[in-house]
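Reading through the structure tokens given below for one structure.
The values are calculated or read from the model by the stated rules, or taken from the named source; none is laboratory data. Small disclaimer: the values here were computed from a predicted structure and weren't measured. Cβ placement follows ideal geometry from the backbone for every residue including glycine, while neighbour counts extend to all protein chains displayed.
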Amino acid sequence: MTAPIFMTNDLIVKYASAAGATEPVDKVSSRYTFVPTLDAVDLLRDAGWFPIKAEQSGTRIQDKEGFQKHSIRFTRNENFVMNPKDERVDLVLYNSHDLGSSFKLIASVWRLVCGNGLMIASDFANFTHRHVGFNQNDFVESADKITAAATVINDQMEYLKGISLGYDEQIAYAASAHRLVYEDLDNAPISPEQLLTQRRFADGSNSLWTTFNKVQENIIKGGVKGKVNGEEGSRKVTTRAVKALDRNIKLNQALWVLTEKMAELKSRSIAA
């Protein structure tokens, strides 16, 4: 696994200008505590987490430009020095300065083969820190808890890789994921089966982990061919990648919960 280039603060701001805000959006209350994102980045560096990717959501509201939601992905140096694997446990910092989000620290599995960031939904790996009364020590403690949780998350990945799914079970999983994306199932542009489309040789197994990865990638990255019906007949479409940061996180975490539930059901059926 090739080590990425760790980002400077200037480089972070180049890709996510809102991370460099030096004041909040107008009309915040007197109770609001402004904590620059770059200060949080420096705290995470001191805790052994190094930034490798930065991005931000678009906004149609001019007054929020430069204050909108943004995320920064961090990794630890030992992920590349000690026992590098196909997956690693990263940390994602999520924040905004437009009153749209508190600071969030989320554990995220990065899968090298497809460049996917799979967000963890377990309580031990998610932390929220409000701007009001922001406490640096509590913030760093949350980052340290994600560091400590890496072993548990790695063990969970190996457990999911060891669970085999029959075709009907894969379809049931895909159908549940399909409902997370499309409210109007009758007019969805693609079928649940299409979420199981294999994009690479490494995803050829029938494990729950592989099923999760295929479905997640097809949802988040888009590019799946489908069709929609209209008054003038059907037309071909291609699903779009999920660009909105908050929706990306929501879908990723929902898929992780779905995967945990499927693992639980399989465990019960084996024990019965």
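Within the stretch 159-187, count every residue that is outside any helix (DSSP H, G or I) and either of a type outside the set (Gly, Ala, Ser) or in contact with a helix residue (DSSP H, G or I) (Cβ under 7 Å, 6 or more places away or on another chain) (or both).
Qualifying residue count for the region: 5.
Any chance the stretch 171-185 includes a residue that's at pLDDT 95 or above and in contact with an Asp or Glu (Cβ under 7 Å, 6 or more places away or on another chain)?
Among the residues of the stretch 171-185, at least one is at pLDDT 95 or above and in contact with an Asp or Glu (Cβ under 7 Å, 6 or more places away or on another chain), which makes the answer yes.
Under the condition of being in contact with a Leu (Cβ under 9 Å, 6 or more places away or on another chain) and of a type in the set (Ser, Thr, Tyr), which residue from the stretch 168-202 is surrounded by the most Cβ atoms within 10 Å (Cβ to Cβ)?
Selected residue: Tyr173.
When the residues of the stretch 201-212 are narrowed to those that are assigned to a helix (DSSP H, G or I) and out of contact with any Asp or Glu (no Cβ under 6 Å at 6 or more places or on another chain), which ends up modelled with the lowest pLDDT?
Of everything passing the filter in the stretch 201-212, Ala202 is modelled with the lowest pLDDT.
Of all residues in the stretch 97-106, which are within 17 Å of Asn126 (Cα to Cα) and either part of a strand (DSSP E or B) or at pLDDT 85 or above (or both)?
Within the stretch 97-106, Ser102, Phe103, Lys104, Leu105, Ile106 meet the criteria.
Within the stretch 238-272, track down each residue that is within 18 Å of Lys214 (Cβ to Cβ), of a type in the set (A, V, I, L, M) and in contact (Cβ under 8 Å) with a residue 60 or more places away in the chain.
Result: Leu251, Ala254, Leu255, Val257, Leu258, Met262, Ala263.
Given the structure, is Lys266 charged (D, E, K, R), surrounded by 12 or more Cβ atoms within 10 Å (Cβ to Cβ), on the phi < 0 side of the Ramachandran plot and modelled with pLDDT under 90?
Here the answer is yes, as Lys266 does meet what is asked.
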